[in-house]
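Derivation of every value follows stated rules applied to the coordinates shown; laboratory data play no part. As the structure is a computational prediction, the values presented were derived from the model and not from experiment. Neighbour counts run over all protein chains shown; Cβ positions are idealised from the backbone, glycine included.
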Amino acid sequence: MIPLLTRSASARAAAHRAMAKSALFSDSSAAVRLRRYNHHIQKARRLEARVAGQEVAS
């Protein structure tokens, strides 16, 4: 397995999108699933913005 620090930002963004999708189908309450989904989507968007050379304000 490749360490997370050596992966490209676009690969990490894709991984976070996959984690977001899996969060929607986990055995947790709806609130927890939504919170995890939003967390991973936010990270993916930030990484994609970095790849595009943009700065995303938090």
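Once backbone amide H atoms are built at 1.01 Å from N, Arg7 has no partners under 5 Å, excluding neighbours fewer than 5 places away on the same chain.
Residue order for Ser29, Ser22, fewest other beta carbons within 10 angstrom first, comes to Ser29, Ser22. As a length-normalised measure over Cα pairs under 8 Å and 6 or more apart, the relative contact order of region 9-56 settles at 47 percent.
About its Cα centre, the dipole of region 9-56 is roughly 40 debye, where the only charges are +1 on Lys and Arg Cβ and -1 on Asp and Glu Cβ.
Seen from all directions on average, region 9-56 presents a Cα convex hull projection of 3.0 nm².
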